[in-house]
Amino acid sequence: MQNVAVRDLVPGMVTAEDIYSSDHQLILPKNIVLTKNVILRLQTYSILAVRIEDEILMVDPDSGTTVTPSHFEAMKTHPDFLAFRSHFDAAVNLYRDSINDVIKRNAALNVDSLVSSVLSLARSDCSFTILDMLQNMRDYDDSTYTHSINVALLSRIFGEWLELPATKIKLLTACGLLHDIGKLLIPKELIKKPGKLTPDEYNLVQSHTTQGYKLLEKMDIDPHIKNAVLLHHEKRDGSGYPFGLKGDRIDLYAQLITIVDIYDAMTSARSYRPPLCPFTVISNFEDEGLEKYHPRLILVFLEHIVNSYLQTRVELSNGRTGDIIYINKADLSHPLVKCGADFVDLSASYDLEITRVF
């Protein structure tokens, strides 16, 4: 249970104890599902805070019955998530203002300050993981600034999965934060164009790697950051840009950022499409991963990403919903899903796939 200020209460929360007025009259008993009117009643009695169960209940609009929401549905109204979203907004605004000062006013780039702002989002006392909270914000306006914060946070986590030392994790976070700085030099209407780009427009968008590098080239910052900006669209099979480099000719930090950048971009909403299901993206990585990406890096990333969805509710392509209860290590994008009393092994049912995580 948790102590929640009345001003932060939302419908669906459940009282964890009897609530009394200042003159010891019972206002609400334990285990009452809060509604707007009930919350208003608490405010009328000048109640400042109440103890709330960790589980939130919701009412099914079709049947009128009370149901338990999924993990992500419940998270949307949790005070910890609301606080994270507020702090995330502040970090995005700080990043936007700082980078615009660098680009438009030739201000100095304070990498340490920007990275510290991002790292402060990862509170150790939060009820949810950073991965969960970012997944719950996939409908967020995915501007270059937002995407950069996402990639920085995911890069930090990736560094921890790889058991890198703290100094390298901080550097990797900085690489993620600044990797797309060149996109801020491309016309905004082109970045957000909903339709297909012309060949000339596509070439201009691709130039964000070289333009970003030129912006940072003479600055006193770590060379790995500059390389991440320049090379994060290179692929180990030579199919990337701007140089078509192969294998270990690509800076290792850039190879790390490439994986995180693609995962976040594909699972986030864009002007021309909604966010893709994470398991669709994971499947794409599995199909081409060992050719285009560093084998060890992509395997570590995918295994940890998939494990983060264990016990998560999903929707299948046949419309059924269920919970992921087992990960198939040999086929990460096709886990075992429990749908009611049935167990659906997606690795043995390729006519089915996960279409939504919620």
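The values are calculated or read from the model by the stated rules, or taken from the named source; none is laboratory data. In this text the structure is predicted, and so the values were computed from the model without any measurement. Ideal geometry is used to build each Cβ from the backbone, glycine not excepted, and the neighbour counts take in all protein chains shown. What goes into the accessible areas is simple: the full protein's heavy atoms, side chains included, and nothing from ligands, DNA or RNA. Shrake-Rupley method; radii C 1.70, N 1.55, O 1.52, S 1.80 Å.
Things to note:
- Looking across the stretch 1-58, the residues that are part of a loop (DSSP other than H, G, I, E, B), open to solvent by less than 10 Å² (accessible area, probe 1.4 Å) and either in contact (Cβ under 8 Å) with a residue 60 or more places away in the chain or of a type in the set (D, E) (or both) come down to G12, M13.
- Enumeration of residues in the stretch 239-273 that are in contact (Cβ under 8 Å) with a residue 60 or more places away in the chain and not small (G, A, S): Y253, L256, I257, I259, V260, D261, Y263, D264, T267, R270, Y272
- Residue check, Y309 touching a strand residue (DSSP E or B) at 6+ places or on another chain (Cβ under 8 Å) and outside any strand (DSSP E or B): yes
- Residue satisfying all of: in the stretch 183-218; over 19 Å from S271 (Cα atoms) and in contact with a Lys or Arg (Cβ under 9 Å, 6 or more places away or on another chain); surrounded by the most Cβ atoms within 10 Å (Cβ to Cβ) among these: G212
- Hey, V314 more than 19 Å from A152 (Cα to Cα), outside any helix (DSSP H, G or I), free of Cβ contacts under 8 Å to residues at least 60 places away in the same chain and hydrophobic (A, V, I, L, M, F, W, C) or not: yes
- Pairing residues of the stretch 153-164 that are under 15 Å from D264 (Cβ atoms) with residues that are of a type in the set (D, E) and crowded, with 16+ Cβ neighbours inside 10 Å, at Cβ distances under 8 Å and at least 6 apart in sequence or on separate chains, gives L154/D264.
- Of all the numbered requirements in (1) touching a Lys or Arg at 6+ places or on another chain (Cβ under 6 Å); (2) of a type outside the set (K, R); (3) closer than 16 Å to F301 by Cβ, P275 misses one, and that requirement is (3).
- Just so you know, in the stretch 301-325 the residues that are open to solvent by less than 30 Å² (accessible area, probe 1.4 Å) and out of contact with any Pro (no Cβ under 8 Å at 6 or more places or on another chain) include one that is farthest from L256 (Cα to Cα), and it is G322.
- Residue in the stretch 326-336 that is of a type in the set (G, A, S) and either open to solvent by 40 Å² or more (accessible area, probe 1.4 Å) or touching a residue at least 24 places away in the same chain (Cβ under 8 Å) (or both) present: yes
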